[in-house]
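Below is one structure; the comments refer to it alone.
The values are calculated or read from the model by the stated rules, or taken from the named source; none is laboratory data. Computed from a predicted structure; not experimentally measured. As a convention, Cβ positions derive from the backbone with ideal geometry for all residues, glycine included, and neighbour counts pool all protein chains shown.
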Amino acid sequence: MSRTSRPRRLAAGLSAIALACVSLGAATTAQADPAPGPLMNYVVNTKATPGHVRKTEDAVKAAGGTVLVSYRQLGVVIAQSTNPDFKTDVRVSRDVQSVGATRTAAVSEGPGGLNSNDLAEATPVADPREGEQWDMVQIKADQAHAVTDGSRNVLVGINDSGVDDTHPDLAPNFDAADSVSCVDNGVPDTAAGAWRPTTSSHGTHVAGTVAAARNGVGIVGVAPGVRIASVKVVNDAGYIYPEYSICGIVWAAQHRMAVTNHSYFIDPYEFWCKDNGDQGAVQEAVRRAYAWATDQGTLSVAAAGNSNYDLSNKTTDANSPNDSTAVTRTINNDCLDMPTELPGVITVASTTVDRVKSSFSNFGLNKIDVAAPGSSILSTVPGGYAKFSGTSMASPHVTGIAALMKSTHPWWGPRDIERALHHEADDTACPTTPDPRCTGTTANNAFYGEGIADALDAVTP
């Protein structure tokens, strides 16, 4: 879908030349704007001050664009345009630091409109299928529940494909008032049910691992006493574009979510490289959003990825962009899997029931923070329960542990929880049969980071 771009404002120097030609009687021909191109979304970065953001909004409009969302606290404007020269035209403004397209395919959701954003103790009672949850035993959540199930004061964001709030194991802990959908061009949609899943059960599965209620039904989550909110950042086609993720993490911080779970990488690039083009601008905008959320008190926990890839030794990427035509390219360690490799984000690898790295799990020395169960995990899905595998299933275990930590130490901030997750994880050595990929020591290695996360230590002095 496309629409005609607005007239672009000429630079003063060009206007003066045109007037001079007219005064000399020279024949002139009006130069028409280029034909509209595909509808595209962009991040436009500036200084994080109200004045610079306002001027950048003006520059977006002058370049034939529409402002979708402005984040004054980040110095990031999400814009949309059919002007094929939008990036060049918006850079005319000295207030613009960088600009980048957020995807390589045209916007599928259509034009967007203007939207400016300025401990209770538990008495453990087994739920019917709790005995199938080997994962809770591995991280000692079953023992932690003898101390606490978590506090209702703690709100956790499930930044994913939506959560089925009608599921009997999730309804008791669901917070609809703080839920949102971000998949309409990254503009927050608070309409009732907008945050529910439509094509994917992924987010509902993640939510159950974090906080399925202790209610005599089905399973029990890692932190069954905390509240959860759905922050929908995955569209019906399965894409998580940068503007969706930025919208989701800013919303979570604004709504005082203590922990957020991110079981995805931001599309369309598996790795966003630090260049002077689209990828570099997007990387910077996303970095600002997550750093701001951390400063506001929101901890982000993310899946390491399922490509069995060494994140500490990047060489090639054959899977990007995934919304058009992938091209094999050479990359280096400045190219980031986002949000998992952003500063302050907890990166979680996956383990099996035998406490070894799942075959699919990404790894990397000083890239993995901790590990958690991710192979054949039983959890909630719309209409029932199912077993899924992936680092997507590993990270919500750590999100739940972080929620327990916040419940027992309500004064802790994200960096306190990060240190505790590292310190309290159970050291896990590399395989006894040498694997050259597992570099490091028992205390910190490429497969398990600081070790397998420990819920019991999270709730005991």
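Does segment 316-335 contain at least one residue that is within 27 Å of Ala229 (Cβ to Cβ) and either part of a loop (DSSP other than H, G, I, E, B) or assigned by TED's automatic domain parsing to the domain that holds Gln283 (or both)? Lay out the reasoning, then the answer.
Residues of segment 316-335 within 27 Å of Ala229 (Cβ to Cβ): none.
For segment 316-335, residues within 27 Å of Ala229 (Cβ to Cβ) and either part of a loop (DSSP other than H, G, I, E, B) or assigned by TED's automatic domain parsing to the domain that holds Gln283 (or both): absent.
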Need pairs with beta-carbon distance below 7 Å; first residue among the acidic types (Asp, Glu) and within segment 439-454, second modelled with pLDDT of 95 or more and assigned to a strand (DSSP E or B); sequence gap 6+ or separate chains.
Glu450/Val370; Asp454/Asp426
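I'm checking my understanding of the structure. Among residues of segment 179-226 that are closer than 24 Å to Ser108 by Cα, part of a loop (DSSP other than H, G, I, E, B) and of a type in the set (A, V, I, L, M), which one is nearest to the chain's Cα centre (by Cα)? I'd like the intermediate steps shown before the answer.
Initially, segment 179-226 is screened for residues closer than 24 Å to Ser108 by Cα, giving 179-203.
This time we only want the ones that are part of a loop (DSSP other than H, G, I, E, B), so: 179, 182-188, 190-201.
Remaining after also requiring of a type in the set (A, V, I, L, M): 183, 187, 191-192, 194.
Numbers: Val183: 12, Val187: 15, Ala191: 21, Ala192: 22, Ala194: 18 Å.
Per the criteria, the residue is Val183.
Over 18 Å from the mean Cα position of the chain (by Cα) and either assigned to a strand (DSSP E or B) or farther than 12 Å from Glu341 by Cβ (or both) - does that describe any residue in segment 278-295?
First, the residues of segment 278-295 that are over 18 Å from the mean Cα position of the chain (by Cα): 278.
Add one more test, that the residue is either assigned to a strand (DSSP E or B) or farther than 12 Å from Glu341 by Cβ (or both), and what stays is 278.
The answer is yes; a qualifying residue exists.
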Hits in segment 410-461 (condition: within 26 Å of Val220 (Cα to Cα) and in a strand (DSSP E or B)):
Asp426, Ile452
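Among the residues of segment 156-179, which ones are among the hydrophobic types (A, V, I, L, M, F, W, C) and buried (at least 24 other Cβ atoms within 10 Å of the Cβ)?
Of all residues in segment 156-179, those among the hydrophobic types (A, V, I, L, M, F, W, C) come to 156, 158, 163, 170-171, 174, 176-177.
Matches in segment 156-179: Val156, Ile158, Val163, Leu170.
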When Ala429 is evaluated against the numbered criteria (1) aliphatic (A, V, I, L, M); (2) over 19 Å from the mean Cα position of the chain (by Cα); (3) surrounded by 20 or more Cβ atoms within 10 Å (Cβ to Cβ), which criterion, by number, is the only one it fails?
(3)
Within segment 230-246, can you find the residues that are under 12 Å from the mean Cα position of the chain (by Cα) and not hydrophobic (A, V, I, L, M, F, W, C)?
Lys232, Tyr239, Tyr241, Pro242, Glu243, Tyr244, Ser245
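Among the residues of segment 237-257, is there at least one that is surrounded by 24 or more Cβ atoms within 10 Å (Cβ to Cβ), over 18 Å from Ala289 (Cβ atoms) and modelled with pLDDT of 95 or more?
No: segment 237-257 contains no residue that is surrounded by 24 or more Cβ atoms within 10 Å (Cβ to Cβ), over 18 Å from Ala289 (Cβ atoms) and modelled with pLDDT of 95 or more.
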Six or more apart or on different chains, Cβ atoms under 6 Å: show the pairs whose first residue is in segment 74-94 and on the phi > 0 side of the Ramachandran plot and whose second is part of a loop (DSSP other than H, G, I, E, B).
Gly75/Thr46; Gly75/Lys47; Gly75/Ala48
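Mind checking which residues of segment 105-133 are more than 30 Å from Asn215 (Cβ to Cβ) and modelled with pLDDT of 85 or more? Explain how you work it out, then say what you get.
Applying the first criterion (more than 30 Å from Asn215 (Cβ to Cβ)) to segment 105-133 yields 105-118.
Ala105, Ala106, Val107, Ser108, Glu109, Gly110, Pro111, listed by residue number.
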